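Structure first, commentary second.
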Amino acid sequence: MDIKAIAGQLVKTCLKKGAGAAEVYIESGRNLSLAVRKGDIETVEEAASAGAGIRVFVEGRMAFASSNDLAEKALADAVGRAIEFARVTTADPNNVLTDDPGVAEVEGLYDPRIAQVPMEQKIDLAKRVEKLALKDPRITKSDGAGYQESESEVVVANSNGLLKSYRSSGCGYFVSVVAEKGEQRSSGSDSCGRRFYADLKPPEQVADKAAREAAEALDPRPVKTQRAPVVFHADVARALLGGILGAVNGERVLQGASFLAKKMGQAIASGLVTIVDDGTRAKGMASAPFDGEGVPTQKRVIVEKGVLKGFLYNAAVAKRAGVRSTGNASRGGFDSLPGIGPHNFFMAAGGAKYEDIIAATRTGLLVLDVTGYGINPVNGNFSGGASGFWIENGKIAFPVRGLTIAGTADEILNGIDLLADDLDMNLSMAAPTLRVKMLQIGGE
């Protein structure tokens, strides 16, 4: 099936049926997932899907319809529905389509070998990582392991002459285990995802991390409520980015629903902090040559040495703000309208070693898990549950659980005084281990 030809023809059909302008977004793909537990295969599921999302514009009025069937009649019906809807919606001068013909050069998005790897090898990978994790004598149970993969092709066409496409792939595996001691129960998990099958980490690494996470959290001790330094491990430091991401969303900024709305060009964080959104990184899990509207992606510095430099926009919100789209139109699939989202969003690594940050912390909290909503993108407040390890005399002393951390984005971002060099660039949202010099910790 030539979905690129279908998209181009569908735009013409929209115009013939009365649309003044039109856009077609088609996504076609295949997904495989399998799960094992205690060495037995629990499920193997593979599914192929394809569908089209159609935006039409009639005298400035926009409407949307979608179809999960690419047959000619189904698509014609979807076009008819979209045009009918558009005749009754309200006109908006910000309803625009991109005319940017560019495509970013991005390497390593598609691995044809994924589909060629025998199913037995993929099943064996899931079984092996579970077996390796269970070899640790401290581990008592498995919560299961699994493997997933996907291949997709995306096409965007519109009446401004755009017709762009790309293919991408991804694969990964995970394991989750339990350690028990008396009435105590602690779980641990780890996973690995990559664009290319050959780039997956050895299962020994994933199994070891999951087992250690579960076993080392046993026998937690209480700590008193206090203010102390807080070290966010790289595994959870990226949770802080979620609130920042929401706050640099151009839609929120226009609505005044962002604590960063009036901070452009101002220092909002420690000079150690640089935050980047990069849609062009080779083999990046969120890389693409163009966004959900066909605008070329780019590498943008959002925060540079503590200073806020940019927000994220799609075409419509950019028009309302009087700026150009930043290539951040996101789609939840072919059946959704473009929103605003990041690509590979990360805090740049620092120069410190993880071990040195622990050693430099006389007393404090090492956070390995957080719960809650993180930084509130509207008001910048932060609160959440935390577990991990207590640090004494520059050494990890004992596990802790059931603590709370409270503060503000200003406290956290400006309080970052150490950044490690352990950034994992294989994640679509990532940050290195970092230390906040002082935060409120709720304990006993």
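Brief remarks on what is shown
- Being touching a residue at least 60 places away in the same chain (Cβ under 8 Å), surrounded by fewer than 20 Cβ atoms within 10 Å (Cβ to Cβ), under 28 Å from Cys192 (Cα atoms) and among the β-branched types (Val, Ile, Thr) holds for only one residue in Val301, Val276, and it is Val276.
- Any hit, the range 151-164, residues being of a type in the set (Lys, Arg), farther than 24 Å from Glu46 by Cα and modelled with pLDDT of 95 or more: yes
- Segments classed as strands (runs of 3 or more DSSP E), wholly inside the range 368-444, with at least 1 members that are buried (at least 18 other Cβ atoms within 10 Å of the Cβ) and among the acidic types (Asp, Glu): none
- Check on Ala179, assigned to a strand (DSSP E or B) and more than 24 Å from the chain's Cα centre (by Cα): yes
- Leading residue by the ranking (farthest from Arg300 (Cα to Cα)) among those in the range 255-269 that are touching a residue at least 24 places away in the same chain (Cβ under 8 Å) and open to solvent by less than 50 Å² (accessible area, probe 1.4 Å): Ala257
- Pair list, Cβ under 6 Å, 6 or more apart: the range 423-444 residue touching a residue at least 40 places away in the same chain (Cβ under 8 Å) and farther than 15 Å from Leu368 by Cβ, other residue of a type in the set (Lys, Arg) and buried (at least 16 other Cβ atoms within 10 Å of the Cβ): Met429/Arg238; Ala430/Arg238
- Filtering the range 101-122 to residues that are touching a Leu at 6+ places or on another chain (Cβ under 8 Å) and buried (at least 16 other Cβ atoms within 10 Å of the Cβ) leaves only Lys122.
- Top-ranked residue in the range 287-318 [being closer than 22 Å to Ala52 by Cβ and of a type in the set (D, E, K, R); ranked as farthest from the chain's Cα centre (by Cα)]: Glu293
- Residue ID - farthest from Glu216 (Cα to Cα), chosen from residues in the range 114-141 that are in contact with a helix residue (DSSP H, G or I) (Cβ under 6 Å, 6 or more places away or on another chain) and assigned to a helix (DSSP H, G or I): Ile114
- Counting only strands (runs of 3 or more DSSP E) that fall entirely inside the range 1-113 and contain at least 3 residues that are over 28 Å from the mean Cα position of the chain (by Cα) and either modelled with pLDDT under 95 or of a type outside the set (D, E, K, R) (or both), the qualifying elements are 40-58.
- Scope the range 42-66; condition surrounded by 13 or more Cβ atoms within 10 Å (Cβ to Cβ) and of a type in the set (Val, Ile, Thr); matching residues: Val44, Ile54, Val56, Val58
- Residue identified as touching a residue at least 12 places away in the same chain (Cβ under 8 Å) and in contact with a Pro (Cβ under 8 Å, 6 or more places away or on another chain) among Arg252, Arg227: Arg252
- Look at (1) open to solvent by less than 10 Å² (accessible area, probe 1.4 Å); (2) within 21 Å of Tyr354 (Cα to Cα); (3) at pLDDT 95 or above; (4) of a type in the set (A, V, I, L, M) and you find that Ala237 fails only one, number (3).
To keep it simple, each residue is scored yes or no on (1) touching a Ser or Thr at 6+ places or on another chain (Cβ under 6 Å); (2) among the aliphatic types (A, V, I, L, M); (3) open to solvent by less than 10 Å² (accessible area, probe 1.4 Å).
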{"residue": "Lys127", "(1), (2), (3)": "no, no, no"}
{"residue": "Pro137", "(1), (2), (3)": "no, no, no"}
{"residue": "Asp143", "(1), (2), (3)": "yes, no, no"}
{"residue": "Glu151", "(1), (2), (3)": "yes, no, no"}
{"residue": "Val178", "(1), (2), (3)": "yes, yes, yes"}
{"residue": "Tyr197", "(1), (2), (3)": "no, no, no"}
{"residue": "Val206", "(1), (2), (3)": "no, yes, yes"}
{"residue": "Glu213", "(1), (2), (3)": "no, no, no"}
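- The range 89-100 - residue that is among the hydroxyl-bearing types (Ser, Thr, Tyr) and surrounded by fewer than 17 Cβ atoms within 10 Å (Cβ to Cβ) and, of those, farthest from Ala63 (Cα to Cα): Thr90
The values are calculated or read from the model by the stated rules, or taken from the named source; none is laboratory data. All values derive from a computational prediction rather than experimental measurement. No Cβ is skipped: glycine too gets one built from the backbone with ideal geometry, and neighbour counts run over all protein chains shown. With ligands, DNA and RNA removed, areas are computed over all heavy atoms of the protein, side chains included. Shrake-Rupley method; radii C 1.70, N 1.55, O 1.52, S 1.80 Å.
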